[in-house]
Amino acid sequence: MNIRPEKLILWDIDGTIIATKGAGESAMNLAILETFGINGDLNAIDYSGRTDPLLGRMICDHYGLSDTPERNRAFVEAYVRNLSEILTETPATLLPGMGVLRILAQRPDCLQGLLTGNVRLGGKVKLQSVDVWQYFEFGSFADNCFDRNELAAKALEIARVDFGAEFAPDQVFVIGDTPRDVKCGRQIQAKTVAVATGKYSVNKLAEAKPDYLFRDLSDIEAFLAIIDGVAVATVYP
């Protein structure tokens, strides 16, 4: 008998599951050069938690370039191509506690997916480089999407249409490393779990008021207690 999942676990990728050692930034900078013909610097814009297509638009705005759908598409394609080449040479690394992905993937009461600003091919390249792509049933990716907050509702729709599963808000968990991940989770009234393994410190993430806050996810039992509704704390320093 098939067991319908009762909990929906939605993960960000960069800074939450993996560290790419600057591969993403390098691939973006190469894409800027190839697409726009300038030696641009991704660090010139506030890119954490943004979607890949939005970054193309922000780069155009920052450097005074015209933004067209064709140019944005070419930028994203160049980025993914360069990312694949860079990660082949220097794979990403898993962040602490990511053994939990396999645990959750094996639980019939959990449906595990991705909620990310990456386009699908970019996310796949990153997660395949650390051999965890197979642990996710689906993804709400940013292909043709400029507003990250739209991705949360999209994830619920995919779960409903593709898996016949609907979830109460308190059974949906959004895990990420930026205040924008917390804000995204709030769009669907999900439980938000912030983890300070990216660019934001514990103190900065606390300002976003996530439901739960971790320095990292090395305490897998504490994280699973949140998923199972038996957590004994909200902050795990």
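Coordinate-derived values only; no laboratory data. Since the structure is predicted, the reported quantities are computational estimates derived from the model, not experimental observations. Don't worry about glycine lacking a Cβ; one is built from the backbone with ideal geometry, like all the others, and counts go over all protein chains shown.
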Here the stretch 137-153 yields Karplus 3J(HN,Hα) values (6.51, -1.76, 1.60; θ = phi - 60°; whole Hz; Gly and Pro given as x) of 6, 6, x, 9, 9, 9, 4, 6, 10, 9, 10, 4, 5, 5, 6, 5, 5
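Which links in 21/124; 126/191; 21/183; 124/154 stretch past 24 Å when you go from one Cα to the other? Don't skip to the answer; put the middle values down first.
Working: 21/124 17 Å; 126/191 26 Å; 21/183 26 Å; 124/154 18 Å.
Over 24 Å Cα-Cα: 126/191; 21/183.
Normalised by the number of residues in the stretch 1-127, what is the relative contact order in percent for Cα pairs under 8 Å and 6+ residues apart? Let's see the in-between values first.
Values: 143 pairs, mean separation 59.5, N = 127.
Once normalised by length, the contact order is 47 percent.
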For the stretch 23-89, the dipole about the Cα centre with charges only on Cβ (Lys and Arg +1, Asp and Glu -1), to the nearest 20 debye, works out at 160 debye
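How large is the charge dipole for the stretch 70-115, taken about the Cα centre, if only the Cβ atoms of Lys, Arg (+1) and Asp, Glu (-1) carry charge, to the nearest 20 debye? Walk me through the numbers before you get to the answer.
Details: 5 positive and 5 negative charges, 25 e Å.
Its charge dipole is roughly 120 debye.
On a full-extension model of 0.36 nm per residue, what is the gain between residue 199 and residue 215, subtracting their alpha-carbon distance, rounded to one decimal in nm? Could you put the intermediate results ahead of the total?
Numbers: separation 16, 0.36 × 16 = 5.76 nm, distance 1.18 nm.
So the chain would gain 4.6 nm between residue 199 and residue 215.
Please state the equivalent ellipsoid semi-axes for the chain: what are the square roots of 5 times the Cα gyration tensor eigenvalues, largest first, in whole Å? Kindly include the intermediate steps, with their values, before the conclusion.
Numbers: eigenvalues 180, 68, 58 Å².
Over the Cα atoms of the chain, the ellipsoid semi-axes are 30, 18, 17 Å.
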For the chain, the dipole about the Cα centre with charges only on Cβ (Lys and Arg +1, Asp and Glu -1), to the nearest 20 debye, works out at 160 debye
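Got a sec? How would 54, 127 order by Cβ neighbour count within 10 Å, fewest to most? Display every interim value, and only then the final one.
Numbers: 54 19, 127 25.
Going from sparsest to densest Cβ surroundings: 54, 127.
Which loop GluC sites (Glu not before Pro) in the stretch 155-237, with loop taken from DSSP, have no more than 14 other Cβ atoms within 10 angstrom of their Cβ?
Numbers: sites: 157, 166, 207, 221; in loops: 166.
Answer in residue order: 166.
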Net charge near residue 15, counting Lys/Arg +1 and Asp/Glu -1 over other residues with Cβ under 10 Å of its Cβ?
-3
How would 103, 18 line up from fewest to most surrounding beta-carbon atoms within 10 angstrom?
103, 18
Under a 10 Å cutoff between Cα atoms, tell me which one of 12, 211, 61 has the largest fluctuation in the Gaussian network model of the chain.
61
Name the residue from 32, 86, 74 whose Cα lies farthest towards the positive end of the charge dipole of the stretch 23-89, charges +1 on Cβ of Lys and Arg and -1 on Cβ of Asp and Glu.
74
Least to most buried among 17, 3, 38, 32, by other C-beta atoms within 10 Å and fewest first, runs 3, 38, 32, 17
For the charge dipole of the chain, defined by +1 on Lys and Arg C-beta atoms and -1 on Asp and Glu C-beta atoms about the Cα centroid, which residue among 100, 169, 114 has the Cα displaced farthest towards the positive pole?
169
